[in-house]
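The values are calculated or read from the model by the stated rules, or taken from the named source; none is laboratory data. Because the structure is predicted, anything quoted here is derived from the model rather than measured. In this analysis, Cβ positions are derived from the backbone assuming ideal geometry, glycine residues included, and neighbour counts consider all displayed protein chains. The accessibility values were calculated without ligands, DNA or RNA, using every heavy atom of the protein model including side chains. Shrake-Rupley method; radii C 1.70, N 1.55, O 1.52, S 1.80 Å.
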Amino acid sequence: MIRIRKFGIFILFLIFASCQNRTENLSVKQNSEYKIYKTLSELNNADVKIGVQTGTTFDEMSQKFFPNAQTQYFNSNTDMANLILHGMLDALIADEPVARALCENINGIDYLHEYLEPADFAGAFPKTAKGEKLRDEMNVFIDKAKKSGELEELQNIWFGSDESKKTIDISSLEAKNGTLKLATNAEYAPFEYIKDNKIVGYDIACVLAFCKEYGYALEVTDEHFDAIIPSVVSGAFDFAFSALSVTEERAESVYFSTPNYDGGSVAIVRKDAPIENAQNQQKIGFFEGLATSFEKTFFRASRWKLVAHGVGTTILISIFSAILGTILGFGICMLRLTKNRICDFFAIVYIRVLQGTPTVVLLMILFYIVFAKTGLNSLWVAIIGFALNFAAYVSEMMRTGIESVDKGQTEAALALGYSKTRSFFKIVFPQAARHFLPVYQGEFISLVKMTSVVGYIAIQDLTKAGDIIRSRTYEAFFPLITTAILYFIIAWVLSRVLSLLQNKLDPKKRRSVRK
């Protein structure tokens with residue numbers, strides 16, 4: 001209870017400090033010495049830090065146009081925009097429609113109205129017979145939509161300000177010719193983003209119209225941007241649309257459709273004179289600003305549902321991975337305890353390889369290579385990946401615990417007429433469990449926290465839900481703090497369950513309870 005109270009006090013302090021900073025930072029920005037950039041040439045300086053989204057072509061663009069500047073990599077445009085406000089970045093590179101949407105929603109930034117490079121955005125298809133056929137169908141559709149004005153109409157809707165027209169209804173599609181799996185990155189408004197807990201945007205609307213015309217149903221999956229092309233190449237998805245720029249290097253790996261949008265890339269910098277906006281925001285009171293931020297994070301567009309779904313996914317992956325990993329770990333432990341050198345060698349190799357492989361790399365190998373063409377749900381891929389990793393550690397815990405039990409216990413059990421199997425499970429293993437369960441509990445909590453990387457294989461867990469909310473609210477505090485609190489609660493509850501189990505297996509604690 002004392003630990004929980006301290007944690008609660010710490011969270012309240014963070015809330016107060018953050019909200020206090022929100023009002024104080026406005027005046028700080030007004031009196032700061034931040035340099036304002038008005039031309040692209042000014043960004044080509046050794047002191048300039050330019051942010052690019054991982055997996056995009058903007059890193060090459062940054063090195064081409066700003067060779068003297070420092071290029072830094074991030075996963076979210078929203079995060080980079082906020083870093084520009086706080087002086088930790090000088091600029092970021094984004095496509096012009098994306099830049100426009102960011103600048104409209106985040107006070108204090110603007111983009112230089114000069115293209116770095118023109119860009120053609122298109123769909124990506126695997127270099128297979130099916131991918132080529134689908135690409136050709138998409139080309140026919142896009143050419144027809146351009147001539148009929150349908151594409152221009154969609155651009156007016158999704159790049160416009162009338163939110164009532166921005167709706168997507170994938171459920172209305174009929175699977176006359178099968179179901180297509182689409183990979184996208186839902187943090188790239190107005191091309192693709194989350195609205196009312198659904199992935200929407202200009203690209204999604206184009207694909208929806210295509211599927212209606214050709215009789216396909218559609219499954220849309222939110223991926224990290226840097227994983228989109230590899231997932232299409234591996235066959236995990238049928239195609240991808242995510243404001244993908246057509247490049248020669250990418251064309252070596254995938255087929256590109258006819259572009260569905262012609263645009264260009266721009267640099268986002270601090271706004272020249274954000275004084276008026278700052279003064280208007282200063283009028284908002286402390287508690288009013290706190291309430292508005294809370295409402296925007298959780299209740300606007302029912303975003304709490306994203307968090308609830310993420311919590312359920314995190315718990316599901318954690319529990320199933322622990323169960324499967326424990327069973328597998330016990331099997332590996334038994335191999336190590338045998339006197340067979342081949343079994344022992346196999347077990348040692350398994351343990352060393354799994355312990356030496358980063359979990360996120362293991363998940364990506366399983367998802368993009370091992371199970372890519374099997375159609376196995378990414379949730380089960382995550383459970384298998386974490387179970388394999390967990391088993392490597394559990395097996396060594398169990399082995400150490402079993403070896404710590406005096407051999408005389410087994411000999412006494414055999415003398416009483418017990419079989420080797422019965423003496424192991426009735427006498428040895430319960431005693432060993434008392435030794436390894438405390439370590440097992442700590443490793444299980446680590447497993448719960450490690451599940452935060454499953455977003456790399458297109459799973460919307462608790463961490464991914466927070467990322468989605470941040471990309472739409474353009475605020476970091478409540479999504480991040482809520483994620484931290486919920487992970488703490490999940491880990492605490494599950495650790496208490498393991499503590500109760502540990503007490504059940506400890507004879508001394510059982511006797512103290514009876515007294």
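Here are the numbers:
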item	result
Dipole of the chain [Lys/Arg +1, Asp/Glu -1 at C-beta], most positive-end residue of S495, A465, L173	S495
Subset of K130/K176; K127/K181; K212/K373; K339/K420 violating a 20 Å alpha-carbon distance limit	K212/K373
Förster radius 51 Å - calculated FRET efficiency between T167 and T338 (Cβ-Cβ, nearest 0.05)	0.25
Relative contact order of the chain, pairs being alpha-carbon contacts under 8 Å that are 6 or more residues apart, as %	17
Cβ-based net charge around Q460, under 13 Å, with every Lys or Arg adding one and every Asp or Glu removing one	-1
Size of charge dipole - the stretch 442-485 - debye, nearest 20, with Cβ of Lys, Arg +1 and Asp, Glu -1, no other charges	100
Extension gain (nm, one decimal) between I369 and D406, 0.36 nm per residue minus Cα-Cα	8.8 nm
Sites T39 and K198, calculated FRET efficiency, Cβ-Cβ separation with R0 60 Å, nearest 0.05	0.90
Cα-centre dipole for the stretch 86-241 with unit charges at Cβ (Lys and Arg positive, Asp and Glu negative), debye to 20	660
Residues whose placed amide H lies under 5 Å from that of Q72, excluding near-sequence neighbours	I50, G51, V52
Two-site label geometry, V493 and A217: point separation in nm, points 7 Å out along Cα→Cβ	3.2
Net charge over other residues, Cβ less than 12 angstrom from the Cβ of N197 (K, R count +1; D, E count -1)	+4
For L244, residues with placed amide H under 5 Å, excluding near neighbours	A122
Cβ-Cβ FRET estimate between Q355 and H309, R0 fixed at 22 Å, reported to 0.05	0.10
GluC sites (Glu not before Pro), loop per DSSP, at most 14 other Cβ atoms within 10 Å - longest free stretch of the chain	253-515
Charge dipole of the chain about the Cα centre (unit charges at C-beta), most positive-ward option of N68, M334, G51	M334
Trypsin sites (Lys or Arg not before Pro) restricted to the stretch 190-219 and DSSP loop, no more than 14 other C-beta within 10 Å	none
Candidate lysines for bridging to K464, where Cα separation is under 17 Å - those fewer than 8 sequence places away on the same chain excluded	K195, K198, K305, K449
Solvent-accessible area per residue, Å², over the chain with all protein chains present [probe radius 1.4 Å]	49
Integer Hz, Karplus 6.51/-1.76/1.60 couplings in order for the stretch 240-257, x for Gly and Pro	9, 9, 6, 6, 7, 6, 7, 10, 5, 5, 5, 5, 6, 9, 9, 8, 9, 7
Qualifying trypsin sites (Lys or Arg not before Pro) for the stretch 293-348 [loop in DSSP, other Cβ within 10 Å: at most 16]	K339
Protein-only accessible surface order, largest first, of V254, V140 at 1.4 Å	V140, V254
Rounded Å value of the spacing that divides the Cα centres of the stretch 199-249 and the stretch 55-93	25
Heavy-atom accessible area order for M364, M61, largest first, 1.4 Å probe	M364, M61
Fraction of beta bridges assigned by DSSP in the chain that are antiparallel (%, nearest 5)	60
Residue-averaged 222 nm ellipticity for the chain, from DSSP H runs of 4+ at -39500 (n - 2.57), nearest 500	-18500 deg cm²/dmol
Filtered trypsin sites (Lys or Arg not before Pro), the stretch 97-188: DSSP coil and at most 10 other beta carbons within 10 Å	K176
Dipole magnitude of the chain about its Cα centre (Cβ charges: Lys, Arg +1; Asp, Glu -1), debye to nearest 20	3960
